[in-house]
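Working notes, beginning with the structure itself.
The values are calculated or read from the model by the stated rules, or taken from the named source; none is laboratory data. On a predicted model such as this, the values are computed, not experimentally measured, just so you know. All Cβ positions, even for glycine, are placed from backbone atoms using ideal geometry, and neighbour counts span all protein chains on display. Side chains included, ligands, DNA and RNA excluded: accessible areas come from the protein's heavy atoms. Shrake-Rupley method; radii C 1.70, N 1.55, O 1.52, S 1.80 Å.
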Amino acid sequence: MVKSDLHNPEVSDNDVMPKHVAIIMDGNGRWAQQKGKLRTFGHKAGVDAVRASVRYARTNGIQSLTLFAFSSENWNRPEEEVGVLMDLFSLVLNSEVKRMKKNGVRLKVIGDTSKFDDKLVAKIEKAEALTAENSDLVLNIAANYGGRWDIVNACKSIVADVSDKTISPHEITEELFSKHVSTEGLPELDLLIRTGGEHRISNFLLWQCAYAELYFSQTLWPDFDEAEFDKATACFTSRQRRFGLTGEQVTNESQD
Ligand code: IPE
Ligand code: IPE
Ligand code: MG
């Protein structure tokens, strides 16, 4: 059992499903290596786990699922591995977009897509446009994403609005800032899951993590199925979210 699985059900005031879940899908390489295979075999197997997590989110009333697929730091991996990851991204866009459209899933890619080749960018735009009317689940794929990039990007966009006098500096608030990061318009991040046993954020949703519940699983990403996702949400619902208040205040508030 990982540390985050330990919780006290007696202080549970939070019996609702998370509205917004993000996952750091880690452990593909080790999963493959444990089987004596190349790391890229693990990335391919990871696609099935992506499908399972989307299905879980869709059928359990989660409104938004944000998956970390490729970080801004992952470009530093061996060229061949980066190539396989890009090809896989493109293949999955082709094979899944119709299913997403049919299943009410709206796809969004968050991250600096300007670094991708033109063909991939066109494919991303097409998939986003095709699913734009869907609203059951927003699926954000974080690709060439970095939390610091997201914050800097928001700053640039706010500075541009100040320069052209759309807003004045005193109007810059946390709420306004949230409208300029890549998760704009989505519910606050409730739950951040990381598979693969590491206890770090790896430059994922830094702004958005402020009050997210963190859940770390030893399971390597290709083995993360619906039962594993269920363990994470059960752990979430058993926790008391205090947002700076005392436990008693939260208990009294939830009884009102
Ligand atoms: C996560 O799995 C997938 C990406 C980062 C693209 P890893 O490839 O990091 O797998 P491990 O952590 O080396 O096992
Ligand atoms: C984080 O995993 C990025 C993704 C899951 C896409 P990494 O494997 O790149 O993270 P580190 O290097 O262990 O921090
Ligand atoms: Mg890793």
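Can you tell me which condition Arg106 does not meet? The list is (1) within 27 Å of Asn153 (Cα to Cα); (2) over 18 Å from the mean Cα position of the chain (by Cα), and all the others hold. With respect to (1) within 27 Å of Asn153 (Cα to Cα); (2) over 18 Å from the mean Cα position of the chain (by Cα), Arg106 is out only on (2).
Within the range 112-127, how many residues are open to solvent by less than 50 Å² (accessible area, probe 1.4 Å) and touching a residue at least 12 places away in the same chain (Cβ under 8 Å)? Talk me through it step by step, then tell me what you get.
Taking the range 112-127 and keeping what is open to solvent by less than 50 Å² (accessible area, probe 1.4 Å), we get 112-113, 116, 120-121, 124, 127.
Now drop any that are not touching a residue at least 12 places away in the same chain (Cβ under 8 Å), which leaves 112-113, 116, 120, 124, 127.
Counting residues in the range 112-127 that are open to solvent by less than 50 Å² (accessible area, probe 1.4 Å) and touching a residue at least 12 places away in the same chain (Cβ under 8 Å) gives 6.
For the range 212-256, the candidate set comprises residues that are aliphatic (A, V, I, L, M) and open to solvent by 30 Å² or more (accessible area, probe 1.4 Å); within that set, the residue that is farthest from Thr66 (Cα to Cα) is Leu245.
Looking at the structure I just gave you, is Ala142 in contact (Cβ under 8 Å) with a residue 60 or more places away in the chain and closer than 20 Å to Glu188 by Cβ?
Details: in contact (Cβ under 8 Å) with a residue 60 or more places away in the chain: yes; closer than 20 Å to Glu188 by Cβ: yes.
Answer is yes for this residue.
Say we look at the range 15-40 and pick out the residues that are away from ligand 2 (no atom under 16 Å from the Cβ) and buried (at least 18 other Cβ atoms within 10 Å of the Cβ); which of these is farthest from Cys209 (Cα to Cα)? The residue in question is Pro18. In the set (1) more than 23 Å from Ala143 (Cα to Cα); (2) within 16 Å of ligand 1 (Cβ to nearest atom); (3) aliphatic (A, V, I, L, M), the condition left unmet by Ile201 is number (1). Among the residues of the range 127-136, is any in a helix (DSSP H, G or I), of a type in the set (A, V, I, L, M, F, W, C), within 21 Å of Trp207 (Cβ to Cβ) and modelled with pLDDT of 95 or more? No, the range 127-136 contains no residue that is in a helix (DSSP H, G or I), of a type in the set (A, V, I, L, M, F, W, C), within 21 Å of Trp207 (Cβ to Cβ) and modelled with pLDDT of 95 or more. When residues in the range 44-71 are screened for being within 16 Å of ligand 2 (Cβ to nearest atom), without any contact (Cβ under 8 Å) to a residue 60 or more places away in the chain and within 17 Å of the chain's Cα centre (by Cα), 2 of them pass. Of all the residues in the range 224-256, those that are over 18 Å from the mean Cα position of the chain (by Cα) and either within 16 Å of ligand 3 (Cβ to nearest atom) or closer than 24 Å to Thr173 by Cβ (or both) number 5.
For the range 68-106, enumerate the residues that are under 19 Å from Ala45 (Cα atoms), in contact with a Ser or Thr (Cβ under 9 Å, 6 or more places away or on another chain) and either modelled with pLDDT under 95 or open to solvent by 80 Å² or more (accessible area, probe 1.4 Å) (or both). Glu80 - this is the single residue of the range 68-106 that is under 19 Å from Ala45 (Cα atoms), in contact with a Ser or Thr (Cβ under 9 Å, 6 or more places away or on another chain) and either modelled with pLDDT under 95 or open to solvent by 80 Å² or more (accessible area, probe 1.4 Å) (or both).
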